[in-house]
Structure formats: C-alpha cells, structure tokens
There are 2 protein chains.
Amino acid sequence: MSYYQQHQAEFLEGLKTFLRIPSISTLSEHKPDIRRAAEFARNELQSAGMTNVELIEGKGNPLVYAEWLGAPGKPTILFYGHYDVQPPDPLDEWKSPPFEPEVRGDNIYARGAVDDKGQVYLQIKAVEGLMKTTGKLPVNVKFLLEGEEETGGEHIEAYVRSKPPRLQADAAVVCDTEMFAPEMPTICVGLRGMVYYELFVEGASHDLHSGVYGGAAPNPIQAIAEILCALKDREGHILIPGFYDRVIPPSVKEREAWASLPFDEKEYTEKEMGARELVGEPGVPLFERVWARPTLEVHGIRGGFTGEGAKTVIPARATAKISTRLVADQRPDEAADQLRAAVKAACPKGVIAEVKVLHSGAPSLTNPDNPFIHAAAAAMKEVFGRDTVYIRSGGSIPIVGVFDRYLGIPSVMMGFGLPDDNLHAPNEKFHLPNFYRGIEAVARYLEILGE
Amino acid sequence: MSYYQQHQAEFLEGLKTFLRIPSISTLSEHKPDIRRAAEFARNELQSAGMTNVELIEGKGNPLVYAEWLGAPGKPTILFYGHYDVQPPDPLDEWKSPPFEPEVRGDNIYARGAVDDKGQVYLQIKAVEGLMKTTGKLPVNVKFLLEGEEETGGEHIEAYVRSKPPRLQADAAVVCDTEMFAPEMPTICVGLRGMVYYELFVEGASHDLHSGVYGGAAPNPIQAIAEILCALKDREGHILIPGFYDRVIPPSVKEREAWASLPFDEKEYTEKEMGARELVGEPGVPLFERVWARPTLEVHGIRGGFTGEGAKTVIPARATAKISTRLVADQRPDEAADQLRAAVKAACPKGVIAEVKVLHSGAPSLTNPDNPFIHAAAAAMKEVFGRDTVYIRSGGSIPIVGVFDRYLGIPSVMMGFGLPDDNLHAPNEKFHLPNFYRGIEAVARYLEILGE
C-alpha cells in the first residue's frame with residue numbers, strides 16, 4: 001500500500017476542513033471567510049514543505065504563493081488553483097448544507113468540492129507526499145492560488161501582468177477542469193473565454209399603476225425581453241452583428257475525435273442535466289456547440305413585484321445578468337463593444353439601457369504537442385490505467401490566457417472532476433476516487449517530468 | 001363655518017390612525033393587520049351612527065357591513081370601498097415610511113392614503129356628519145367594505161354572488177377613482193377589467209453551469225423573454241390571436257369629449273409619470289390607449305442569480321407576473337384562454353411554461369344618463385364650483401361588474417384622487433383639500449338624492 005493510499009482518511013479530513021470555509025468571492029460579507037481560506041491554503045503549503053510561503057496582498061483577495069526550488073537544471077512547474085467558491089443558492093435545493101461537507105457513497109458534497117478547493121488540495125497533497133517520502137521534489141515547483149476566480153480574477157491578472165520574476169516557470173498546471181467521463185483520464189486543450197455583463201434598464205422614474213398608465217408607460221421588463229430576443233433567436237443563433245467573425249472552427253481531426261467519444265445523449269440530457277431536450281444551433285454537433293461555439297446566456301433577471309400574490313405595477317427599472325462565452329479567436333473587448341452596440345440598437349422606445357462589464361477573459365486553445373502535456377497524459381494513463389483523451393471545455397479559466405500572454409507558458413489542464421459534479425449548482429460534489437487518484441497523478445506527473 | 005370645515009383636524013387624525021395599519025392583502029404575514037383595519041372601519045361606522053354593523057366572515061378577509069334604513073320611500077345607496085392596500089415596496093424610494101402618515105404641504109403621504117382608505121374614510125365621515133347635524137340621513141344607506149381588493153376580491157364576489165337580501169339597493173357609490181385634473185370634479189363611467197397571471201417556466205431540473213452546458217441547455221429566462229415578445233410587439237400591439245375581437249371602440253361623442261379635455265402631454269409624461277416619452281399603439285390617442293384599449297403588462301420577473309457580482313448559471317426556472325387589462329366587451333375567461341394558448345404556442349423548445357390565473361374581473365361601461373349619476377355630478381359641481389366631467393379609468397374595480405351582474409345596480413364612481421397620487425407606487429398621497437371636499441360632496445350627494 002503506497003503512501004497515498006495509506007493517507008486517504010487524512011486527506012479527506014483536511015479537505016473537509018477546507019470546504020467548511022464559505023469563501024464566496026461574489027458576496028462581500030464573506031471577506032473574512034476568503035481570508036480564512038487563503039490562510040488555510042498557506043498553512044497547508046507550509047506543512048507540505050514549500051518555502052517562501054506567503055499571502056500576496058493587493059487590490060482584492062489575497063494570492064497565496066509558495067515555491068520549492070531545490071532541483072536546479074530541472075523544469076519549473078507553476079501550480080494554479082483558486083480557493084474561492086460560487087454562492088450556494090438556491091439553498092433549499094441542497095440535500096446537505098453547502099458548507100457542511102458530507103460523504104454520501106463515493107462522493108463528497110459541498111460547495112467548492114471540485115471547483116476548485118478539492119483540486120487545489122490534491123495538488124498540495126501530491127507535493128507533500130513527495131516531500132514526505134523522498135525529502136525533495138523531482139522538479140522545481142511554485143504555487144500561485146487566487147481567491148477571485150469566480151468573480152473575475154482581477155488581482156491575479158494584475159499581478160501576473162506585472163511579470164514578477166518569481167513566477168518564471170516552464171509550464172503551468174491547472175487542476176480546474178473535468179474528465180470527459182468516469183475512468184477516462186482527460187486533458188483539456190481549449191477553453192471558452194467570456195464577458196460577463198450587467199444590463200440595467202429604466203423606464204419611468206418611479207413605479208406606475210398599470211391600470212392608470214398601461215398603454216402609455218414604457219415597461220423595462222418588456223424592454224429586457226425585447227433586447228434578449230434581439231440578441232439571440234429562438235434557435236440559439238446569436239444575432240449580434242460581427243459576433244461570429246473571428247470564430248475558428250475546430251479542425252477535421254478534432255471533430256472526428258469528438259465524434260468518437262463515448263456519449264449517451266439520453267443519459268447526458270435527462271440524468272446529468274435534468275433537461276427535457278437539448279437546445280442550441282441546429283446542425284452543429286453537441287461538443288462543438290458547448291466547446292467551440294460562443295454563447296449568449298442570461299443568468300439572472302429581476303424587476304418589479306416578485307413577491308407572493310399580485311401587484312399591478314409597471315416597474316421603473318429592471319436588471320439582468322448576461323454573459324457571452326467566447327471561443328478562439330474572439331476578443332473580449334471587441335465582443336463587449338459588439339454587444340453594447342446591439343443592445344443600443346435593440347433598446348425600445350421610452351427606456352434607457354446601460355451595459356456594464358463585470359469581468360472578462362480571453363478564450364484559449366493550446367497545441368497538445370508539447371512535452372508538458374505529453375507527460376501529463378502519461379501520468380494520468382498510469383494512475384487511471386486508460387489512455388488519456390484530449391477535449392476542450394466550454395467553461396472559462398481566464399488565467400490560462402493570462403499565463404500564456406504575460407508569462408509565455410502553456411497551461412496543462414489536468415482535471416479530475418466529473419460531468420455530473422454540479423459545478424456552480426446545488427449539490428456540488430467531488431468523486432472521492434478521483435480526488436485520491438488526482439493526488440497520485442499529480443505526484444507521478446512531477447516524477448515523469450523529473451526523469 | 002360648516003360642520004365639515006370645523007372638524008377637518010379631527011378627520012385628519014382619524015385618517016392617520018387608519019393609515020398606520022399596514023393592511024397589505026397580498027402578503028399573508030399581514031393577516032392580523034387586515035383584521036385590525038376591518039375592526040377600525042367597523043368601529044368608525046358604529047360611531048357614525050350606522051346600525052347592524054358587523055364583520056362578515058368567510059373564506060378570505062372579513063367584509064364590513066353597516067346599514068341605516070330610517071328613510072322609508074327614499075332610495076337606498078350602497079357605499080363600497082376597500083380597507084386593504086398594496087405592498088409598499090420598493091421601500092427605499094419612500095420619502096417618509098409608508099405606514100407612518102406624514103403631511104407635507106397640502107398632501108398626506110402613506111400607502112393607502114387615496115387607494116382606498118382615504119376615500120373609504122371620507123364616505124364614513126360624510127354619513128357621520130349628516131347624522132350628527134340632522135340626527136338622520138336623507139336616504140337609506142348601506143356600507144359594504146372589503147379587504148381583498150388588491151388581491152382579487154374573492155370573498156366579496158362570492159358574497160354578492162349569493163345575492164343576500166340586505167344588499168338590495170338602488171345604486172352603489174364607489175369612491176376609488178380619481179379626478180381628471182385638480183379642481184375638475186369627475187365621474188368615471190368606464191373601467192378596464194383584468195386577468196392577473198403568474199407565468200412559470202422550467203428548463204432543466206437544476207441550475208447548470210453556463211460554461212459546461214451553454215449551447216445545449218434550455219434557458220427559462222430567455223424563454224420568458226421569447227414568450228413576452230410573442231405576446232406583444234415592440235409597438236405595443238398585443239399579438240394574442242382573437243384578443244381584440246370583442247373590443248368596443250369609444251363613440252364619436254366620447255372621443256370628441258376626451259379630445260377637448262385640458263391636457264399637457266409634457267407635464268403628464270415628465271412630471272406625473274417621470275418618463276422620457278410615451279409609448280403604446282401608434283395612431284391611437286392617449287386617452288383611448290389608457291381607457292379604452294386592452295393592455296398586456298409584465299409586473300415582475302425573477303429568475304437565476306440576481307445578487308451582487310457574477311454567477312455563471314443557467315437557471316432551472318424563472319417566473320413572471322403578467323396581466324391583461326380588458327375593455328368592454330372582452331370577457332376575462334375568454335381572454336385567459338387566449339393568453340394560455342398564445343403562451344403555449346410561443347413556448348420554446350426544451351422548457352415547459354405554466355400559466356396560473358391569480359384573479360380576474362370584468363370590464364365595465366356605464367351609461368351616464370341615469371339619476372344617480374346626475375345627482376353625483378350636481379353634488380360635485382356644488383362643492384368644487386365647476387362642471388363635472390365624465391371620463392373612464394384604465395384601472396380595474398371588479399366590484400363594479402359584480403354589482404351590475406348580481407345586484408342589477410349601477411355604480412356611481414365619484415373619485416377624489418389626483419393623477420399624481422402615486423397609486424400602487426412609492427410616496428402614495430391624498431390631496432387633503434380633496435379629502436375634505438370629498439366628505440362634503442358625498443354628504444351633499446345624499447341630500448340631493450333625498451330631495
């Protein structure tokens with residue numbers, strides 16, 4: 001029984017402690033929890049034997065930095081992860097409280113279990129294991145963890161943009177993606193970028209009685225509906241002029257590889273998504289729709305009277321949260337300008353519409369033919385006992401584009417999540433066998449790189 | 001100085017006491033306040049010298065009944081009003097707390113000031129004044145007050161539908177409308193009806209990550225947007241098949257009278273509504289749009305993440321509150337069926353849409369050539385010193401249709417509100433000179449009827 005197998009109970013307890021901290025970065029009242037989570041990660045890195053461990057303060061939530069540079073001549077790997085989590089609402093849909101981690105069957109349920117605390121923790125435990133069993137690491141290792149991934153990552157982006165010498169590395173390792181299927185080791189080579197917007201629409205200066213003024217008064221909720229319908233049609237085509245111009249279609253090889261992935265549409269639709277049927281651009285295969293096509297989604301909307309019963313008011317204002325997911329080679333600033341222009345053109349009479357960008361990140365597309373990705377594929381194959389597949393992800397990890405642009409290094413996206421892990425949703429979980437194998441795979445990866 | 005002028009300070013204090021009771025009928029936690037408001041009205045009727053005063057209990061909020069039948073051979077008038085009020089939100093837009101009445105200038109500010117507690121109270125004070133000064137009333141008088149006007153009025157409708165002998169009367173007097181302009185005594189001869197709906201849309205069974213599933217997952221907020229745009233176009237035309245079929249256009253005489261009403265569009269738009277410009281069906285004059293054309297309005301919408309910051313979720317469900325205002329000769333049940341069919345036809349792929357009717361009421365249109373309306377016009381002319389005008393109202397007072405249908409009596413709509421009284425909105429007010437003149441006008445009305 002290996003070191004990693006012997007210490008599973010301990011790893012699980014440590015992870016639970018990490019998950020109990022409600023480090024929700026989008027809600028300002030959780031600032032103290034953000035700090036607690038950062039300090040927890042710092043202490044863990046310290047115990048793991050890393051050096052120069054510190055919290056990097058700045059505008060926003062602290063970054064956690066650590067390094068171990070005792071392998072001169074060997075490559076340097078920069079581990080990235082985030083200790084912040086999404087808000088847990090709707091709370092009443094959780095089977096166990098989101099910040100009281102509960103193991104049910106082979107899974108641990110909690111907000112942040114897989115996104116991304118579980119995957120941050122497995123990186124640390126991999127390094128700790130190597131240190132404890134061999135007294136050193138096979139390569140040089142740095143850690144840079146952030147606490148704003150779910151809300152835009154401005155602090156880490158500003159920090160990396162300043163190109164601090166201590167961040168020099170040969171490749172980054174990002175454990176924040178998922179496996180294509182259970183037991184199928186996966187490396188992600190493409191991510192969607194995104195721009196997240198708040199749309200604010202105002203009609204009259206105050207709420208108006210719909211009997212007295214209905215027929216004359218502008219209605220900002222109806223206006224948002226008109227704007228949304230002008231931005232995207234019923235079939236899922238985005239109608240924003242110029243929006244698709246820079247979209248690079250997947251290669252024939254990629255399309256063929258995706259078409260041969262094992263996939264049960266009924267299972268995916270009904271069990272994983274809990275949906276009645278799939279929607280989206282007709283004629284575009286599913287994986288292309290979710291990995292290689294941009295989207296426009298409305299995430300939330302609020303306006304007028306939403307309490308119990310009836311109130312006959314024409315509200316003064318309404319707001320919506322919207323995002324556009326972007327694919328290579330779309331540019332966030334350009335996409336935001338295009339959306340703003342389209343909203344302006346679609347805005348009906350009598351109301352004003354304002355668009356505010358909350359955050360944005362570029363899409364990324366990595367060439368899989370590089371030694372850091374090959375080593376990761378080999379390590380995962382060893383631990384999982386199956387060939388590693390290359391996929392893309394529809395999600396956004398803006399740091400990948402940032403590392404590429406400012407540090408000039410590729411990101412190796414080894415992810416251990418599963419498709420039904422309920423990221424950003426109630427009952428988020430992490431499949432514990434993947435948590436344990438993730439620790440081993442990361443450790444094995446460092447060993448292979450050191451050979 | 002008349003009795004009514006001598007007692008203004010006392011009337012104001014009594015009104016304030018009534019307004020302090022937050023009798024919000026749409027929020028179930030205010031049930032005790034509803035009862036307190038009903039008991040307040042009962043006690044006031046008692047003190048006014050009415051007999052057989054009682055709360056009529058039933059399914060819903062109590063009705064308040066009172067009678068005085070000491071004028072055999074004279075007509076019988078049934079006063080109607082409601083002691084419940086709309087919710088006060090958005091609270092932060094009130095200049096003084098909604099249930100702490102405050103006099104500023106010539107106005108009293110509070111939720112329910114004019115809709116309808118102030119106008120209920122003035123009826124009671126008119127009767128009380130006649131009793132105190134003459135020891136009797138010039139005609140027979142009955143009161144029937146309800147506590148569910150803002151939430152559908154089911155109790156009163158059921159009660160009236162049962163045609164209790166004690167409700168026999170020659171005409172109803174409804175003080176729940178407004179004057180066309182300050183100093184312009186007004187009788188309302190037409191009301192819009194309405195059907196109030198809740199629209200519920202569901203996509204997946206749980207919230208989904210918009211990165212992972214965006215491009216494949218149905219979005220219920222986008223679906224509501226599509227449904228709203230399918231129900232009404234950008235110009236304000238309702239697109240529901242058959243919806244306009246029964247609409248009776250106003251007569252040439254009515255259109256001419258409306259066109260000659262004094263009206264400052266800039267003042268109405270900018271000052272009264274606080275709007276940038278008027279909207280609605282092109283080519284249809286304003287008064288016709290708000291008095292004689294049906295509308296479809298969305299009153300509230302809610303779905304997904306609406307907190308601070310960003311959450312990249314495709315929500316599982318979203319809801320909206322919608323109403324259709326109806327004009328003669330539209331029928332609520334038929335309109336609801338038409339809307340349901342249109343929602344079904346507009347519902348996009350991947351989601352289900354459910355429509356629930358919360359309440360409904362028929363439109364009404366009264367022939368002004370009857371003695372009860374003539375007497376009211378004369379009484380108002382005397383007290384205000386100007387000719388009384390006949391208008392319609394865009395609002396809905398379902399009881400008017402109910403009295404017509406089950407008691408076979410016309411309703412005389414003498415209203416003392418002003419167009420800028422902020423009904424159903426923050427900073428609702430009652431213009432105090434109208435409150436005082438309203439008391440006198442109602443008293444004078446009863447005297448004229450008794451002559």
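The values are calculated or read from the model by the stated rules, or taken from the named source; none is laboratory data. Everything numeric here is computed off the predicted structure, so don't read it as measured data. We place every Cβ from the backbone using ideal geometry, glycine too, and count neighbours over all the protein chains shown.
Checking A:GLY236 against (1) within 22 Å of A:PRO332 (Cα to Cα); (2) exposed (fewer than 13 other Cβ atoms within 10 Å of the Cβ); (3) within 10 Å of chain B (Cβ to nearest Cβ), which test does it fail? With (1) within 22 Å of A:PRO332 (Cα to Cα); (2) exposed (fewer than 13 other Cβ atoms within 10 Å of the Cβ); (3) within 10 Å of chain B (Cβ to nearest Cβ) applied to A:GLY236, the lone miss is (2). Screening B:VAL383 against (1) farther than 26 Å from B:PHE287 by Cα; (2) of a type in the set (Val, Ile, Thr); (3) within 14 Å of chain A (Cβ to nearest Cβ) leaves a single unmet condition, (3).
If you go through segment A:214-260 and keep only what is modelled with pLDDT of 95 or more and hydroxyl-bearing (Ser, Thr, Tyr), you end up with just A:TYR244. Residues in segment B:236-255 that are more than 26 Å from the chain's Cα centre (by Cα) and charged (D, E, K, R): B:LYS253 alone. Scanning segment A:184-212 for residues that are of a type in the set (Ser, Thr, Tyr) and closer than 30 Å to A:ALA379 by Cα gives a single hit, A:THR186. If you filter segment B:354-367 down to residues that are buried (at least 17 other Cβ atoms within 10 Å of the Cβ) and more than 24 Å from A:GLY309 (Cβ to Cβ), you find that the one that is modelled with the lowest pLDDT is B:THR366.
Among B:ASP387, B:ASP329, B:ASP333, which is the only one that is in a loop (DSSP other than H, G, I, E, B), at negative phi and outside the structural domain of B:LEU446 (by TED's automatic domain parsing)?
Details: B:ASP387 fails: outside the structural domain of B:LEU446 (by TED's automatic domain parsing); B:ASP333 fails: in a loop (DSSP other than H, G, I, E, B).
Every option except B:ASP329 fails the conditions.
Among the residues that make up segment A:117-126, is at least one of them over 16 Å from A:LEU19 (Cβ atoms), surrounded by 24 or more Cβ atoms within 10 Å (Cβ to Cβ), of a type outside the set (Asp, Glu) and at pLDDT 95 or above? Within segment A:117-126 (the criterion being over 16 Å from A:LEU19 (Cβ atoms), surrounded by 24 or more Cβ atoms within 10 Å (Cβ to Cβ), of a type outside the set (Asp, Glu) and at pLDDT 95 or above), the answer is yes, since at least one residue qualifies.
Condition first: crowded, with 19+ Cβ neighbours inside 10 Å, among the aliphatic types (A, V, I, L, M) and at pLDDT 95 or above. Now tell me which residues in segment B:378-390 satisfy that. Quick ask: steps written out before the conclusion?
Filtering segment B:378-390 down to residues crowded, with 19+ Cβ neighbours inside 10 Å leaves B:379-380, B:383-384, B:388-389.
Now restrict to residues that are among the aliphatic types (A, V, I, L, M): B:379-380, B:383, B:389.
B:ALA379, B:MET380, B:VAL383, listed by residue number.
Cβ-Cβ contacts under 6 Å between residues 6 or more apart (or on different chains), taken from a first residue in segment A:19-48 that is at negative phi and buried (at least 17 other Cβ atoms within 10 Å of the Cβ) to a second residue that is in a loop (DSSP other than H, G, I, E, B) and of a type in the set (S, T, N, Q), are listed as A:ASP33/A:SER23; A:ILE34/A:SER23; A:ILE34/A:ASN61; A:ALA37/A:SER23. For segment B:301-311, the criterion of being more than 23 Å from A:THR319 (Cα to Cα) and within 8 Å of chain A (Cβ to nearest Cβ) is met by no residue.
Just to be sure before I move on: is A:TYR436 at pLDDT below 95 and in the same structural domain as A:PHE180 (by TED's automatic domain parsing) in the structure I sent? It is false that A:TYR436 is at pLDDT below 95 and in the same structural domain as A:PHE180 (by TED's automatic domain parsing).
The residues in segment B:422-447 that are more than 14 Å from chain A (Cβ to nearest Cβ) and outside any helix (DSSP H, G or I) can be counted, and the count is 2. Going by the structure shown, is B:LYS311 in the same structural domain as B:GLY242 (by TED's automatic domain parsing) and crowded, with 22+ Cβ neighbours inside 10 Å? For B:LYS311, the condition - in the same structural domain as B:GLY242 (by TED's automatic domain parsing) and crowded, with 22+ Cβ neighbours inside 10 Å - is met.
Is it the case, given these coordinates, that A:VAL351 is modelled with pLDDT of 90 or more, buried (at least 24 other Cβ atoms within 10 Å of the Cβ) and within 11 Å of chain B (Cβ to nearest Cβ)? Against the criterion (modelled with pLDDT of 90 or more, buried (at least 24 other Cβ atoms within 10 Å of the Cβ) and within 11 Å of chain B (Cβ to nearest Cβ)), A:VAL351 qualifies.
Can you find a residue in segment B:201-224 that is among the acidic types (Asp, Glu) and within 30 Å of B:TYR3 (Cα to Cα)? Break it down stepwise before answering.
Of all residues in segment B:201-224, those among the acidic types (Asp, Glu) come to B:202, B:207.
Those left that are additionally within 30 Å of B:TYR3 (Cα to Cα): none.
Taking every residue of segment B:201-224 in turn, none turns out to be among the acidic types (Asp, Glu) and within 30 Å of B:TYR3 (Cα to Cα).
Considered as a group, the residues in segment A:166-215 that are more than 8 Å from chain B (Cβ to nearest Cβ) and aromatic (Phe, Trp, Tyr) include one that is nearest to A:LYS349 (Cα to Cα), and that residue is A:PHE200. Against the test of being in the same structural domain as B:PRO138 (by TED's automatic domain parsing), modelled with pLDDT of 95 or more, charged (D, E, K, R) and more than 23 Å from the chain's Cα centre (by Cα), the options B:GLU102, B:GLU67 yield a single qualifying residue, B:GLU67. Would you please list the contacts, defined by Cβ atoms under 6 Å and residues six or more apart or on different chains, that run from a residue in segment B:82-95 that is facing chain A (nearest Cβ under 10 Å) to a residue that is in a strand (DSSP E or B)? Listed pairs, sorted by first residue: B:PRO87/B:ILE24. Scanning segment B:350-384 for residues that are more than 30 Å from B:ILE224 (Cα to Cα) and in a strand (DSSP E or B) gives B:SER364, B:LEU365. Quick one: in segment B:314-334, which of the residues that are within 20 Å of B:ALA217 (Cβ to Cβ) and surrounded by fewer than 24 Cβ atoms within 10 Å (Cβ to Cβ) is farthest from the other protein chains (Cβ to nearest Cβ)? That would be B:ARG317.
For segment A:196-207, which positions are out of contact with any His (no Cβ under 8 Å at 6 or more places or on another chain) and at pLDDT below 95?
First, pick out the residues of segment A:196-207 that are out of contact with any His (no Cβ under 8 Å at 6 or more places or on another chain): A:197-206.
Of everything in segment A:196-207, just one residue is out of contact with any His (no Cβ under 8 Å at 6 or more places or on another chain) and at pLDDT below 95, namely A:HIS206.
The residues of segment A:186-207 that are over 29 Å from A:VAL247 (Cβ atoms) and assigned to a loop (DSSP other than H, G, I, E, B), listed by number, are A:GLY203, A:ALA204, A:SER205, A:HIS206, A:ASP207.
Rundown of residues vs (1) outside any loop (DSSP other than H, G, I, E, B); (2) among the aromatic types (Phe, Trp, Tyr); (3) under 24 Å from A:PHE435 (Cβ atoms); (4) outside the structural domain of A:ASP84 (by TED's automatic domain parsing), yes/no style:
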position	(1), (2), (3), (4)
A:GLN119	yes, no, yes, no
A:LYS125	yes, no, yes, no
A:LYS132	yes, no, yes, no
A:LEU145	yes, no, yes, no
A:ALA169	no, no, no, no
A:ASP176	no, no, yes, no
